[in-house]
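One structure is given here, and the rest of the page talks about it.
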Amino acid sequence: MTRTGIAQGKHKGHVTDTIAKAARPSHRKGTLGKRVSLIREIVSEVAGLSPYERRILDMIKTGGASADKRIYKFAKKRLGSHKRALAKREQIKEVNARSRARAAGA
């Protein structure tokens with residue numbers, strides 16, 4: 001907050017300008033880079049899906065009313081967290097959509 005120049009009150013003190021701080025390199029930690037994303041994409045393309053991912057894909061294909069919930073519970077048990085399970089479910093759905101689009105186009 002800006003100072004008021006008055007010796008009393010919430011914003012007491014000499015009037016100063018706030019200097020914008022440069023972003024610290026540590027704040028970039030965890031962001032996905034171009035190189036890493038490309039490598040992961042190539043590895044998944046070459047290696048294919050892992051067994052638990054194939055099982056999730058099978059659950060998606062068989063479907064049913066509570067398929068999303070069952071997929072989530074299965075993925076959460078394998079991956080350990082809510083966020084990872086949701087991300088994996090969406091990733092496998094995307095893989096399924098791509099394979100269906102490829103099949104429809106061919």
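The values are calculated or read from the model by the stated rules, or taken from the named source; none is laboratory data. On a predicted model such as this, the values are computed, not experimentally measured, just so you know. Ideal geometry is used to build each Cβ from the backbone, glycine not excepted, and the neighbour counts take in all protein chains shown. Surface accessibility is based on the protein's heavy atoms, side chains included, excluding ligands, DNA and RNA. Shrake-Rupley method; radii C 1.70, N 1.55, O 1.52, S 1.80 Å.
A few remarks follow.
- Since only Ile56, Leu86, Val43 are under comparison, the one whose Cα sits farthest along the positive direction of the charge dipole of the range 25-106, derived from C-beta charges on Lys, Arg, Asp and Glu, is Leu86.
- Over the chain, accessible surface divided per residue gives 87 Å², non-protein components excluded, 1.4 Å probe.
- In this rough spin-label picture, where each label sits 7 Å from Cα along the Cβ direction, the Arg24-Ala101 distance is 4.1 nm.
- Think of each Lys and Arg Cβ as +1 and each Asp and Glu Cβ as -1; about the Cα centre, that makes the dipole of the range 1-82 roughly 340 debye.
- For Ile39, the accessible area of its heavy atoms, probed at 1.4 Å with every protein chain present, is near 80 square angstrom.
- Per-residue packing, averaged as other Cβ atoms within 10 Å, sorts the ranges 55-68, 4-17 into the order 55-68, 4-17, beginning with the highest.
- The chain: angle of helix 82-105 to the longest principal axis, Cα-based, in degrees nearest 10: 50 degrees
- The lysine pair tally for the chain, using Cα distances under 24 Å and a gap of 8 or more places or different chains, is 27.
- Relative contact order of the chain, taken over Cα pairs closer than 8 Å and 6 or more residues apart, is 13 percent.
- Euclidean distance between Cα centres, the range 76-103 to the range 1-44, Å: 33 Å
- Helix-derived mean residue ellipticity, 222 nm - over the chain, DSSP H n ≥ 4, -39500 (n - 2.57), to 500: -19500 deg cm²/dmol
- For Rg and Dmax of the Cα atoms in Å, the value computed from the atomic coordinates appears in the list [x] 24.6, 77; [y] 15.5, 53; [z] 16.4, 56 under label [x].
- Protein accessible area in the chain, 1.4 Å probe - carbon and sulfur %: 55 percent
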